[in-house]
């Protein structure tokens, strides 16, 4: 297990994670309910994390049909604040290990910048092509014990 002291679980950092999570979110019933008791919710989260009593809740599943039918699973707001807390901690460890052209979930990068970069390559190399691939249920099929061990090794060696 990762030493709990290696992640900043201070109340101020949990608040910071809340504000980062909250950016750009549209108002929903769940968000309103969480915000109504915001101080209580974040303090309870702080207590649970620091006493090692935090347990991730379940996921709400629904199906989206845009280009193709896909199942989406969404964690509750409390858990997504923790996801943000973990993201902020892990990005400093893992970001430097990625090649330049990894565009998802990285500072100053994203979908539009990735598309622009691909377009630049396509224009520079006539006759080239782009291959877009998606591995169905990839995360569900990965051995999570092995994945967690790989993550743990990287975190502990940083």
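Taking the criterion of being assigned to a strand (DSSP E or B), under 16 Å from residue 56 (Cβ atoms) and out of contact with any helix residue (DSSP H, G or I) (no Cβ under 9 Å at 6 or more places or on another chain), the only residue of the stretch 68-90 that qualifies is 73. Scanning the stretch 70-91 for residues that are loosely packed, with under 15 Cβ neighbours inside 10 Å and in contact with a strand residue (DSSP E or B) (Cβ under 6 Å, 6 or more places away or on another chain) returns 70, 71, 72, 73, 74. Entry remark, the stretch 119-143: residues being surrounded by 10 or more Cβ atoms within 10 Å (Cβ to Cβ), farther than 21 Å from residue 70 by Cβ and at pLDDT 90 or above number 4 in total.
The values are calculated or read from the model by the stated rules, or taken from the named source; none is laboratory data. As the structure is a computational prediction, the values presented were derived from the model and not from experiment. Counting neighbours? That spans all protein chains shown, and the Cβs are built from the backbone with ideal geometry, glycine included.
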